[in-house]
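Contents: one structure, followed by commentary.
The values are calculated or read from the model by the stated rules, or taken from the named source; none is laboratory data. If you're wondering where the values come from, they're calculated on a predicted model, not measured in any experiment. Backbone-built Cβ (ideal geometry, glycine too); neighbour counts: all protein chains shown. Just the protein is used for accessible areas: all its heavy atoms, side chains included, with ligands, DNA and RNA removed. Shrake-Rupley method; radii C 1.70, N 1.55, O 1.52, S 1.80 Å.
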Amino acid sequence: MKKLLSGLLLPCLLFISTFAIPTVRAENPPTNDLERGKAIAFDRNAGNCLACHAIDDGELPGNSGPPLMQMALRFPDRDVLRAQIWDATVRNPNTVMPPYGKHKILSDEELDLVVDYLLTL
Amino acid sequence: MSINTKSNGSVSKAPGSVIAGFVTLFSYGLLYGLASSAPAYAEPEADRQAMRAHYEKRFSGIPIEAHKDGVYAFDEDAREQWLELEDFPPYEIAVDEGEEFFNIPLADGATYSDCFGDGAIKSQYPYFDEERSEVITLELAINDCRRQHGEEPLPYNGAEIVRLSAYIAFLSRGQIIAVAEPVSEPALAAYNDGKRFYSSRRGQLNFACSSCHVQLAGKRLRSERLSASLGHVSHWPTYRLKWQDVGSLHRRFARCNKQVGAEPFAQQSPEYRNLEYFLTYISNGLPLNGPAIRK
(Lines give C-alpha, C1' and ligand atoms only; values in the text may rest on other atoms or scores of the structure.)
Protein backbone atom coordinates (compact mmCIF):
# COMPACT_ATOMS: atom_id res chain seq x y z
CA MET A 1 0.00 0.00 0.00
CA LYS A 2 2.72 2.38 1.03
CA LYS A 3 4.75 1.46 -2.00
CA LEU A 4 1.75 2.12 -4.17
CA LEU A 5 1.21 5.44 -2.48
CA SER A 6 4.73 6.70 -2.74
CA GLY A 7 5.61 5.00 -6.00
CA LEU A 8 2.58 5.62 -8.08
CA LEU A 9 -0.15 7.65 -6.50
CA LEU A 10 1.99 10.39 -5.06
CA PRO A 11 3.77 11.30 -8.28
CA CYS A 12 0.40 11.21 -10.02
CA LEU A 13 -1.07 13.59 -7.49
CA LEU A 14 1.97 15.80 -7.73
CA PHE A 15 1.70 15.71 -11.49
CA ILE A 16 -1.95 16.62 -11.42
CA SER A 17 -1.51 19.35 -8.86
CA THR A 18 1.57 20.79 -10.53
CA PHE A 19 0.81 20.65 -14.18
CA ALA A 20 -2.90 20.41 -14.72
CA ILE A 21 -4.47 23.50 -16.19
CA PRO A 22 -6.93 25.22 -13.89
CA THR A 23 -10.47 25.47 -15.11
CA VAL A 24 -12.21 28.79 -14.83
CA ARG A 25 -14.99 28.70 -12.29
CA ALA A 26 -18.38 29.90 -13.50
CA GLU A 27 -18.69 32.82 -11.15
CA ASN A 28 -17.07 34.14 -8.02
CA PRO A 29 -19.26 34.18 -4.95
CA PRO A 30 -19.94 37.62 -3.47
CA THR A 31 -17.20 39.10 -1.36
CA ASN A 32 -19.12 38.88 1.87
CA ASP A 33 -19.40 35.12 1.44
CA LEU A 34 -15.66 34.95 0.90
CA GLU A 35 -15.21 36.83 4.14
CA ARG A 36 -17.54 34.43 5.86
CA GLY A 37 -15.51 31.54 4.48
CA LYS A 38 -12.31 33.08 5.74
CA ALA A 39 -13.81 33.69 9.17
CA ILE A 40 -14.90 30.05 9.40
CA ALA A 41 -11.48 28.86 8.25
CA PHE A 42 -9.71 30.97 10.87
CA ASP A 43 -12.15 30.41 13.76
CA ARG A 44 -10.61 28.17 16.43
CA ASN A 45 -14.02 26.68 17.12
CA ALA A 46 -14.88 26.05 13.48
CA GLY A 47 -12.38 25.29 10.72
CA ASN A 48 -9.34 26.18 12.80
CA CYS A 49 -7.31 25.63 9.63
CA LEU A 50 -4.54 27.83 11.06
CA ALA A 51 -3.84 25.17 13.66
CA CYS A 52 -1.93 23.30 10.97
CA HIS A 53 -1.74 25.48 7.85
CA ALA A 54 -0.25 28.87 7.08
CA ILE A 55 -2.99 30.85 5.30
CA ASP A 56 -2.83 34.37 3.89
CA ASP A 57 -2.54 36.85 6.78
CA GLY A 58 -3.56 34.38 9.50
CA GLU A 59 -1.57 34.91 12.68
CA LEU A 60 0.50 32.22 14.42
CA PRO A 61 -0.22 29.42 11.99
CA GLY A 62 0.95 25.89 12.69
CA ASN A 63 3.17 23.98 10.30
CA SER A 64 1.78 20.47 10.66
CA GLY A 65 0.17 20.71 7.24
CA PRO A 66 1.32 22.42 4.03
CA PRO A 67 0.74 26.18 3.54
CA LEU A 68 -2.53 26.82 1.73
CA MET A 69 -1.53 28.83 -1.30
CA GLN A 70 -2.15 28.74 -5.04
CA MET A 71 -5.16 26.64 -4.27
CA ALA A 72 -6.94 27.16 -7.58
CA LEU A 73 -3.82 25.89 -9.31
CA ARG A 74 -3.46 22.94 -6.99
CA PHE A 75 -7.16 22.12 -7.05
CA PRO A 76 -8.47 22.98 -10.51
CA ASP A 77 -11.46 20.81 -9.75
CA ARG A 78 -13.45 22.38 -6.91
CA ASP A 79 -15.03 19.04 -6.07
CA VAL A 80 -11.62 17.51 -5.38
CA LEU A 81 -10.81 20.22 -2.85
CA ARG A 82 -14.23 19.88 -1.27
CA ALA A 83 -13.81 16.11 -1.03
CA GLN A 84 -10.38 16.62 0.52
CA ILE A 85 -11.82 18.74 3.31
CA TRP A 86 -14.87 16.47 3.65
CA ASP A 87 -12.60 13.49 4.40
CA ALA A 88 -8.92 13.72 3.53
CA THR A 89 -8.32 10.11 4.57
CA VAL A 90 -9.95 8.93 1.33
CA ARG A 91 -6.99 10.18 -0.68
CA ASN A 92 -4.39 9.60 1.99
CA PRO A 93 -5.33 7.13 4.74
CA ASN A 94 -2.38 8.30 6.86
CA THR A 95 -3.28 11.96 6.86
CA VAL A 96 -3.83 13.57 10.25
CA MET A 97 -6.32 16.07 8.82
CA PRO A 98 -9.74 15.80 10.50
CA PRO A 99 -12.66 14.76 8.26
CA TYR A 100 -14.54 18.05 8.42
CA GLY A 101 -17.63 16.94 6.50
CA LYS A 102 -17.83 13.29 7.43
CA HIS A 103 -17.53 14.06 11.15
CA LYS A 104 -19.77 17.12 10.92
CA ILE A 105 -17.13 19.50 12.18
CA LEU A 106 -18.43 21.91 9.55
CA SER A 107 -21.92 22.00 8.03
CA ASP A 108 -22.35 21.61 4.27
CA GLU A 109 -22.85 25.35 3.94
CA GLU A 110 -19.79 26.19 6.01
CA LEU A 111 -17.73 23.72 4.04
CA ASP A 112 -18.76 25.34 0.75
CA LEU A 113 -17.91 28.80 2.08
CA VAL A 114 -14.48 27.59 3.18
CA VAL A 115 -13.83 25.90 -0.18
CA ASP A 116 -14.73 29.08 -2.06
CA TYR A 117 -12.46 31.11 0.17
CA LEU A 118 -9.55 28.69 -0.15
CA LEU A 119 -9.79 28.82 -3.94
CA THR A 120 -9.02 32.56 -3.82
CA LEU A 121 -5.64 31.90 -2.20
CA MET B 1 2.65 10.59 5.60
CA SER B 2 6.07 11.58 4.41
CA ILE B 3 7.30 10.85 7.91
CA ASN B 4 6.34 7.22 7.76
CA THR B 5 7.62 6.85 4.26
CA LYS B 6 10.94 8.37 5.23
CA SER B 7 11.31 6.30 8.35
CA ASN B 8 10.55 3.19 6.41
CA GLY B 9 13.01 4.04 3.71
CA SER B 10 15.81 4.60 6.15
CA VAL B 11 15.50 1.37 8.08
CA SER B 12 15.00 -1.30 5.51
CA LYS B 13 17.77 -3.73 6.46
CA ALA B 14 18.43 -6.41 9.09
CA PRO B 15 17.22 -5.34 12.58
CA GLY B 16 15.70 -2.42 10.77
CA SER B 17 13.05 -4.64 9.30
CA VAL B 18 11.53 -4.92 12.75
CA ILE B 19 11.76 -1.19 13.09
CA ALA B 20 10.15 -0.69 9.73
CA GLY B 21 7.48 -3.10 10.87
CA PHE B 22 6.73 -0.96 13.87
CA VAL B 23 6.62 2.27 11.96
CA THR B 24 4.40 0.51 9.48
CA LEU B 25 2.29 -0.60 12.39
CA PHE B 26 1.67 2.99 13.25
CA SER B 27 0.64 3.57 9.67
CA TYR B 28 -1.66 0.58 9.90
CA GLY B 29 -2.98 2.00 13.12
CA LEU B 30 -3.76 5.19 11.34
CA LEU B 31 -5.11 3.29 8.38
CA TYR B 32 -7.45 0.92 10.08
CA GLY B 33 -7.63 2.12 13.66
CA LEU B 34 -5.74 -1.08 14.45
CA ALA B 35 -8.76 -3.28 14.11
CA SER B 36 -8.58 -6.95 14.94
CA SER B 37 -7.13 -7.60 11.51
CA ALA B 38 -3.95 -5.77 12.50
CA PRO B 39 -0.71 -7.63 11.76
CA ALA B 40 1.14 -9.53 14.46
CA TYR B 41 2.85 -7.26 16.95
CA ALA B 42 6.55 -6.85 17.10
CA GLU B 43 8.25 -7.59 20.38
CA PRO B 44 7.94 -4.76 22.90
CA GLU B 45 11.69 -4.22 22.93
CA ALA B 46 11.67 -3.83 19.16
CA ASP B 47 8.90 -1.24 19.59
CA ARG B 48 11.02 0.67 22.07
CA GLN B 49 14.04 0.64 19.79
CA ALA B 50 11.89 1.72 16.86
CA MET B 51 10.50 4.65 18.82
CA ARG B 52 13.97 5.73 19.88
CA ALA B 53 15.20 5.50 16.30
CA HIS B 54 12.21 7.51 15.07
CA TYR B 55 12.86 10.40 17.46
CA GLU B 56 16.64 10.28 17.06
CA LYS B 57 16.13 10.79 13.36
CA ARG B 58 13.45 13.41 13.78
CA PHE B 59 15.22 15.41 16.48
CA SER B 60 18.79 14.96 15.39
CA GLY B 61 21.28 16.18 17.96
CA ILE B 62 18.81 15.86 20.82
CA PRO B 63 19.51 12.92 23.14
CA ILE B 64 16.50 10.68 23.71
CA GLU B 65 16.73 11.29 27.45
CA ALA B 66 16.13 15.01 26.88
CA HIS B 67 12.52 14.26 25.89
CA LYS B 68 11.76 13.88 29.59
CA ASP B 69 11.22 17.64 29.36
CA GLY B 70 8.66 17.37 26.57
CA VAL B 71 8.71 20.27 24.11
CA TYR B 72 11.29 22.02 26.26
CA ALA B 73 13.80 19.48 24.98
CA PHE B 74 13.78 21.21 21.60
CA ASP B 75 11.94 24.53 21.88
CA GLU B 76 14.65 26.89 23.12
CA ASP B 77 12.49 29.98 23.72
CA ALA B 78 9.85 28.06 25.59
CA ARG B 79 12.56 26.29 27.58
CA GLU B 80 13.92 29.52 28.98
CA GLN B 81 10.53 30.66 30.25
CA TRP B 82 9.90 27.20 31.61
CA LEU B 83 13.18 27.13 33.52
CA GLU B 84 12.27 30.46 35.08
CA LEU B 85 9.09 28.90 36.44
CA GLU B 86 11.28 26.34 38.19
CA ASP B 87 12.77 29.13 40.35
CA PHE B 88 9.60 29.02 42.43
CA PRO B 89 8.04 25.73 41.40
CA PRO B 90 4.26 25.81 41.81
CA TYR B 91 4.19 22.07 42.60
CA GLU B 92 6.21 22.54 45.78
CA ILE B 93 3.19 22.99 48.04
CA ALA B 94 1.69 19.77 46.69
CA VAL B 95 4.92 17.91 47.49
CA ASP B 96 4.88 19.29 51.05
CA GLU B 97 1.24 18.34 51.50
CA GLY B 98 2.00 14.93 50.07
CA GLU B 99 4.71 14.45 52.68
CA GLU B 100 2.23 15.27 55.43
CA PHE B 101 -0.29 12.77 54.06
CA PHE B 102 2.48 10.19 53.72
CA ASN B 103 3.32 10.42 57.40
CA ILE B 104 -0.21 10.40 58.83
CA PRO B 105 -0.78 6.97 60.41
CA LEU B 106 -3.37 4.77 58.70
CA ALA B 107 -6.33 3.22 60.56
CA ASP B 108 -4.34 0.34 62.05
CA GLY B 109 -1.40 2.52 63.06
CA ALA B 110 0.76 1.57 60.10
CA THR B 111 2.06 4.26 57.76
CA TYR B 112 2.69 4.38 54.04
CA SER B 113 6.32 3.55 54.88
CA ASP B 114 5.15 0.05 55.74
CA CYS B 115 4.13 -0.32 52.09
CA PHE B 116 6.60 1.95 50.33
CA GLY B 117 9.69 2.15 52.51
CA ASP B 118 11.29 5.55 52.18
CA GLY B 119 8.90 6.44 49.36
CA ALA B 120 11.50 6.57 46.59
CA ILE B 121 9.78 3.78 44.70
CA LYS B 122 8.14 5.32 41.65
CA SER B 123 10.39 3.47 39.21
CA GLN B 124 8.78 0.20 40.36
CA TYR B 125 5.53 1.25 38.68
CA PRO B 126 3.71 0.45 36.56
CA TYR B 127 4.22 -3.28 36.44
CA PHE B 128 2.14 -6.22 35.32
CA ASP B 129 0.95 -8.32 38.25
CA GLU B 130 0.73 -11.88 36.97
CA GLU B 131 -1.48 -13.10 39.83
CA ARG B 132 -4.02 -10.32 39.47
CA SER B 133 -3.47 -10.27 35.73
CA GLU B 134 -3.57 -6.49 35.51
CA VAL B 135 -1.32 -3.47 35.37
CA ILE B 136 -0.54 -2.02 38.80
CA THR B 137 0.16 1.69 38.83
CA LEU B 138 1.48 3.73 41.75
CA GLU B 139 -2.00 5.11 42.40
CA LEU B 140 -3.46 1.60 42.52
CA ALA B 141 -0.71 0.54 44.92
CA ILE B 142 -1.44 3.51 47.19
CA ASN B 143 -5.07 2.44 47.48
CA ASP B 144 -4.06 -1.20 47.96
CA CYS B 145 -1.88 -0.06 50.86
CA ARG B 146 -4.76 1.88 52.38
CA ARG B 147 -7.11 -1.11 52.17
CA GLN B 148 -4.49 -3.37 53.72
CA HIS B 149 -4.29 -1.02 56.67
CA GLY B 150 -7.98 -0.45 57.22
CA GLU B 151 -8.55 2.74 55.24
CA GLU B 152 -11.03 3.53 52.50
CA PRO B 153 -9.43 3.93 49.07
CA LEU B 154 -8.93 7.49 47.88
CA PRO B 155 -10.85 8.76 44.85
CA TYR B 156 -8.48 8.81 41.90
CA ASN B 157 -9.60 12.26 40.80
CA GLY B 158 -9.15 13.74 44.26
CA ALA B 159 -6.49 16.02 45.69
CA GLU B 160 -4.99 13.65 48.28
CA ILE B 161 -3.80 10.84 46.01
CA VAL B 162 -2.19 13.25 43.57
CA ARG B 163 -0.32 14.91 46.42
CA LEU B 164 0.86 11.58 47.79
CA SER B 165 2.11 10.61 44.36
CA ALA B 166 3.73 14.04 43.92
CA TYR B 167 5.73 13.45 47.08
CA ILE B 168 6.71 9.95 45.95
CA ALA B 169 7.64 11.28 42.50
CA PHE B 170 9.79 13.95 44.10
CA LEU B 171 11.62 11.38 46.24
CA SER B 172 12.10 9.20 43.15
CA ARG B 173 13.65 11.86 40.93
CA GLY B 174 16.58 10.59 38.94
CA GLN B 175 15.52 6.95 39.03
CA ILE B 176 15.63 5.36 35.61
CA ILE B 177 12.43 4.06 34.06
CA ALA B 178 12.88 0.29 33.83
CA VAL B 179 9.61 -1.53 33.24
CA ALA B 180 10.16 -5.29 32.88
CA GLU B 181 9.53 -6.44 29.32
CA PRO B 182 6.08 -8.00 29.00
CA VAL B 183 6.60 -11.71 28.35
CA SER B 184 3.57 -13.67 29.53
CA GLU B 185 0.51 -13.76 27.35
CA PRO B 186 -1.63 -11.61 29.68
CA ALA B 187 1.17 -9.06 30.10
CA LEU B 188 1.63 -8.86 26.34
CA ALA B 189 -2.13 -8.49 25.93
CA ALA B 190 -2.13 -5.51 28.32
CA TYR B 191 0.86 -3.98 26.55
CA ASN B 192 -0.68 -4.45 23.13
CA ASP B 193 -3.96 -3.01 24.35
CA GLY B 194 -2.11 0.15 25.39
CA LYS B 195 -0.25 0.22 22.12
CA ARG B 196 -3.46 -0.19 20.16
CA PHE B 197 -5.03 2.63 22.16
CA TYR B 198 -2.10 4.86 21.30
CA SER B 199 -2.42 4.38 17.57
CA SER B 200 -6.21 4.24 17.28
CA ARG B 201 -7.99 7.23 15.86
CA ARG B 202 -10.81 8.54 17.94
CA GLY B 203 -13.17 11.44 18.42
CA GLN B 204 -14.64 14.01 16.09
CA LEU B 205 -11.17 15.20 15.09
CA ASN B 206 -10.17 11.62 14.27
CA PHE B 207 -6.75 11.85 15.92
CA ALA B 208 -4.77 9.01 17.43
CA CYS B 209 -2.26 9.84 20.16
CA SER B 210 0.37 8.84 17.61
CA SER B 211 -1.01 11.24 14.98
CA CYS B 212 0.37 14.20 16.88
CA HIS B 213 3.11 12.71 19.02
CA VAL B 214 4.69 10.28 16.57
CA GLN B 215 3.68 11.42 13.10
CA LEU B 216 3.79 15.18 13.73
CA ALA B 217 6.17 15.35 16.71
CA GLY B 218 8.21 18.54 16.56
CA LYS B 219 5.74 20.32 14.28
CA ARG B 220 3.50 23.12 15.47
CA LEU B 221 -0.23 23.33 16.11
CA ARG B 222 -0.70 27.10 15.97
CA SER B 223 2.29 28.21 18.05
CA GLU B 224 2.54 25.04 20.17
CA ARG B 225 5.18 22.44 19.37
CA LEU B 226 4.15 18.81 19.57
CA SER B 227 6.18 16.73 22.02
CA ALA B 228 7.58 13.23 21.55
CA SER B 229 5.86 10.20 23.09
CA LEU B 230 9.04 9.15 24.87
CA GLY B 231 9.14 11.08 28.12
CA HIS B 232 5.38 11.60 28.30
CA VAL B 233 5.23 9.48 31.42
CA SER B 234 8.42 10.63 33.17
CA HIS B 235 7.25 13.72 35.04
CA TRP B 236 3.92 13.05 36.76
CA PRO B 237 2.11 14.38 38.63
CA THR B 238 2.55 17.67 36.83
CA TYR B 239 1.48 21.19 37.72
CA ARG B 240 -0.33 22.47 34.67
CA LEU B 241 -0.78 26.21 34.45
CA LYS B 242 -4.11 25.49 32.73
CA TRP B 243 -5.26 23.47 35.73
CA GLN B 244 -3.70 25.75 38.34
CA ASP B 245 -3.01 22.52 40.19
CA VAL B 246 -1.04 19.32 40.07
CA GLY B 247 -2.79 16.55 38.20
CA SER B 248 -2.14 12.97 37.24
CA LEU B 249 -1.05 11.38 33.99
CA HIS B 250 -4.50 9.86 33.61
CA ARG B 251 -6.13 13.25 34.03
CA ARG B 252 -3.96 14.38 31.13
CA PHE B 253 -4.99 11.33 29.09
CA ALA B 254 -8.64 12.22 29.72
CA ARG B 255 -8.06 15.83 28.72
CA CYS B 256 -6.39 14.71 25.49
CA ASN B 257 -9.29 12.42 24.67
CA LYS B 258 -11.76 15.25 25.29
CA GLN B 259 -9.73 17.64 23.15
CA VAL B 260 -10.11 15.43 20.11
CA GLY B 261 -13.82 15.08 20.80
CA ALA B 262 -13.70 11.56 22.23
CA GLU B 263 -15.21 10.15 25.42
CA PRO B 264 -12.56 10.05 28.13
CA PHE B 265 -12.08 6.97 30.32
CA ALA B 266 -11.98 7.05 34.11
CA GLN B 267 -8.65 7.57 35.85
CA GLN B 268 -7.12 4.18 36.65
CA SER B 269 -9.47 2.44 34.23
CA PRO B 270 -7.92 -0.65 32.61
CA GLU B 271 -7.69 1.32 29.35
CA TYR B 272 -5.56 4.10 30.84
CA ARG B 273 -3.47 1.71 32.95
CA ASN B 274 -2.62 -0.33 29.86
CA LEU B 275 -1.82 2.86 28.00
CA GLU B 276 0.48 3.93 30.84
CA TYR B 277 2.10 0.48 30.75
CA PHE B 278 2.84 0.73 27.02
CA LEU B 279 4.07 4.32 27.20
CA THR B 280 6.24 3.69 30.24
CA TYR B 281 7.76 0.56 28.74
CA ILE B 282 8.81 2.37 25.56
CA SER B 283 10.24 5.16 27.76
CA ASN B 284 12.56 2.71 29.51
CA GLY B 285 15.96 4.29 30.03
CA LEU B 286 14.67 7.82 30.60
CA PRO B 287 15.01 9.33 34.08
CA LEU B 288 12.01 10.13 36.26
CA ASN B 289 11.74 13.89 36.76
CA GLY B 290 8.42 14.56 38.42
CA PRO B 291 6.74 16.61 39.56
CA ALA B 292 7.12 19.05 36.70
CA ILE B 293 5.52 22.17 35.28
CA ARG B 294 3.67 22.29 32.00
CA LYS B 295 1.47 24.83 30.29
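All conditions in (1) assigned to a loop (DSSP other than H, G, I, E, B); (2) more than 14 Å from every other protein chain (Cβ to nearest Cβ); (3) in contact (Cβ under 8 Å) with a residue 60 or more places away in the chain hold for residue B:180, with the sole exception of (3). List pairs: first residue in the range B:71-95 and farther than 19 Å from residue B:170 by Cβ and part of a loop (DSSP other than H, G, I, E, B), second residue of a type in the set (Phe, Trp, Tyr) and open to solvent by less than 20 Å² (accessible area, probe 1.4 Å) anywhere in the structure, Cβ distance under 7 angstrom, at least six positions apart or on different chains. From residues that are farther than 19 Å from residue B:170 by Cβ and part of a loop (DSSP other than H, G, I, E, B), the pairs are B:74/B:59. Here is the figure for the range B:217-241: residues that are surrounded by fewer than 22 Cβ atoms within 10 Å (Cβ to Cβ), at pLDDT below 95 and away from every other protein chain (no Cβ under 14 Å) total 0. Residues in the range A:79-121 that are within 14 Å of another protein chain (Cβ to nearest Cβ) and in a helix (DSSP H, G or I): 3 in all.
If the condition is being surrounded by 18 or more Cβ atoms within 10 Å (Cβ to Cβ) and within 24 Å of residue B:217 (Cα to Cα), then the range A:55-87 contributes A:55, A:61, A:62, A:64, A:65, A:68, A:84, A:85.
Give the residue, chosen from B:127, B:112, that is surrounded by 20 or more Cβ atoms within 10 Å (Cβ to Cβ), modelled with pLDDT of 95 or more and closer than 21 Å to residue B:249 by Cβ.
Details: B:127 fails: surrounded by 20 or more Cβ atoms within 10 Å (Cβ to Cβ).
Residue meeting the stated conditions: B:112.
If you go through the range B:141-160 and keep only what is in contact (Cβ under 8 Å) with a residue 60 or more places away in the chain and either crowded, with 20+ Cβ neighbours inside 10 Å or more than 18 Å from residue B:266 (Cβ to Cβ) (or both), you end up with just B:156.
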